[in-house]
Amino acid sequence: MKILVINAGSSSLKYQLIDMQTEEAIAKGTCERIGIAGGKLTHKARGESFVFEKEMESHTDAIALVLEKLTDKKVGVVKSMDEIDAVGHRVVASGEEFTKTTLVTDETMKVLETLSELAPLHNPPAILGINACRAVMKGKKMAMVFDTSFHATMPDYAYMYGIDYDDYKQHKVRKYGFHGTSHAFVSGEAAKYLGKNPADLRIITCHLGNGSSISAVKGGKCIDTSMGFTPLAGVPMGTRSGDIDCAAAEFLFRKKGLGMQEGMNYLNKKCGMLGLSGVSSDFRDLTAACKEGNDRARLALDCFAYACKKYVGAYMVALGGLDCVVFTAGVGENTPSVRAAVLSDMQAFGIVLDETENNRGNDGTIREISAKNSPVKVLVIPTNEELVIARETAQAVGS
Ligand code: AMP
């Protein structure tokens, strides 16, 4: 069985064709600059990388181009579209309407369209991607896989904000969480690695990248997560502020003469590591600047590690103890100094890192970086959100 995984952005579209027998991507790529001049498709297959420059007016053009390349005699990996069994679409926000992976139908698309205001930057492009695939791949089974659905198991006291209950009911303002496919994948892989039943494990998963979130997973189910109604909440991120007192934000908007929209843009795009350091949103730049003695880069990294540490502490308590901490995503997989800072001085809580293992380079495999005598295991696990989408899609279409 082969599943095409689509992750559509407003002007880009990423894809992977996954062979479910081996769970390997047999082709993958990205369409860039959809709807703007300078369209480009980067396609990787057969161990090679190919670049095609072609204008794509719409997501439908992009999907048509992807299918052309997937079935091409020279750069393709299948003879025809018939060899693609189903398509899985990444969708960011599910609201409360969808709590699990859902088949794409006229009815479910109508519901999905009502959810765009929950994720105005992310859901509308996903809808464009789904509609494009439905136009080009008529009759093909498709599923929508949500970033939020792994978090649907949070208890009400964890996802509620302290607001008027009627307002929650009417406007659905609550914590939803994000990066769910990643948290689901790495917590599942951790259980496999440890040779334990997920039902018996308490795991904290730290997805630390340009966007970062931390989740508490008990018995294989998410019981809390650091992101909220939107991905702005939680730890400070590349350019996002993370948690901030709403009244402080309102005060700042007033002082800076920013309207609500501009203010939200400020919190999403100009804060976090970038704002704190004045250097960069990129952790590679920050660690380099910090080594050279830049004190604001040091401050940004310290703020990040401290915020992560506090979530680890809080979730250890929420979980009633801890068996395993997992680091994943760009920073989590590649930056030993951040992992060491997040878990520093936690021996009293059973977390002891092995410095040598922590500093070993990322080879793309699962690595155990806790000391042999550490009661809590600490793992680095490369995330694979596309594989989760493909597995969920295979299951939803009934294979
Ligand atoms: P992500 O959002 O998961 O792609 O993560 C991006 C972040 O990971 C950036 O801040 C990068 O600086 C950081 N990072 C650190 N080392 C690496 C690496 N070797 N490859 C990719 N990202 C890295």
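So here's what we get for this one:
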item	result
Options Y161, Y176: the member that is open to solvent by less than 30 Å² (accessible area, probe 1.4 Å), touching a residue at least 40 places away in the same chain (Cβ under 8 Å), more than 16 Å from the ligand (Cβ to nearest atom) and not in a helix (DSSP H, G or I)	Y176
Pairs where the first residue, in the range 308-323, is over 16 Å from V342 (Cβ atoms) and the second is part of a loop (DSSP other than H, G, I, E, B), C-beta under 8 Å, 6+ apart	D323/K196; D323/L201; D323/V376
Identity of the residue in the range 105-147, assigned to a loop (DSSP other than H, G, I, E, B), of a type outside the set (A, V, I, L, M, F, W, C) and within 19 Å of A394 (Cα to Cα), that ends up most open to solvent (accessible area, probe 1.4 Å)	K138
Single residue of the range 314-335 satisfying the filter (part of a helix (DSSP H, G or I) and open to solvent by 30 Å² or more (accessible area, probe 1.4 Å)) that is farthest from S374 (Cα to Cα)	G330
Residue match in the range 374-382 (condition: closer than 25 Å to A289 by Cα, within 16 Å of the ligand (Cβ to nearest atom), surrounded by 15 or more Cβ atoms within 10 Å (Cβ to Cβ) and under 19 Å from the mean Cα position of the chain (by Cα))	yes
Options A64, A86; residue that is open to solvent by 30 Å² or more (accessible area, probe 1.4 Å), of a type in the set (A, V, I, L, M) and modelled with pLDDT of 95 or more	A64
Single unsatisfied condition, E386 versus (1) within 16 Å of the ligand (Cβ to nearest atom); (2) in a helix (DSSP H, G or I); (3) more than 22 Å from the chain's Cα centre (by Cα)	(3)
Residue count for the range 199-222, restricted to those that are open to solvent by less than 40 Å² (accessible area, probe 1.4 Å) and either basic (K, R) or away from the ligand (no atom under 16 Å from the Cβ) (or both)	8
Failed criterion for S281 (all others in (1) free of Cβ contacts under 8 Å to residues at least 40 places away in the same chain; (2) in contact with a Gly (Cβ under 8 Å, 6 or more places away or on another chain) hold)	(1)
Members of the range 327-373 found to be within 16 Å of the ligand (Cβ to nearest atom) and either touching a Gly at 6+ places or on another chain (Cβ under 6 Å) or of a type in the set (A, V, I, L, M) (or both), listed by number	A329, G330, V331, V338, A340, A341, V342, I369
Failed item, numbered, when A248 is tested on (1) open to solvent by less than 60 Å² (accessible area, probe 1.4 Å); (2) not in a helix (DSSP H, G or I)	(2)
Hits in the range 253-273 (condition: more than 22 Å from the chain's Cα centre (by Cα), buried (at least 16 other Cβ atoms within 10 Å of the Cβ) and outside any loop (DSSP other than H, G, I, E, B))	F253, G263
Residue, nearest to the ligand (Cβ to nearest atom), within the range 274-285, restricted to residues that are in a helix (DSSP H, G or I) and surrounded by 15 or more Cβ atoms within 10 Å (Cβ to Cβ)	F283
Which listed residue is open to solvent by less than 40 Å² (accessible area, probe 1.4 Å) and either in a helix (DSSP H, G or I) or at pLDDT 95 or above (or both), from A288, A307	A307
Members of the range 13-40 found to be among the β-branched types (V, I, T), in contact (Cβ under 8 Å) with a residue 40 or more places away in the chain and open to solvent by less than 40 Å² (accessible area, probe 1.4 Å), listed by number	I18
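The values are calculated or read from the model by the stated rules, or taken from the named source; none is laboratory data. Predicted model only: the values in this text are computed from it and were never measured. Neighbour counts run over all protein chains shown; Cβ positions are idealised from the backbone, glycine included. Quick note on the areas: whole protein, heavy atoms, side chains included, nothing else; ligands and nucleic acids left out. Shrake-Rupley method; radii C 1.70, N 1.55, O 1.52, S 1.80 Å.
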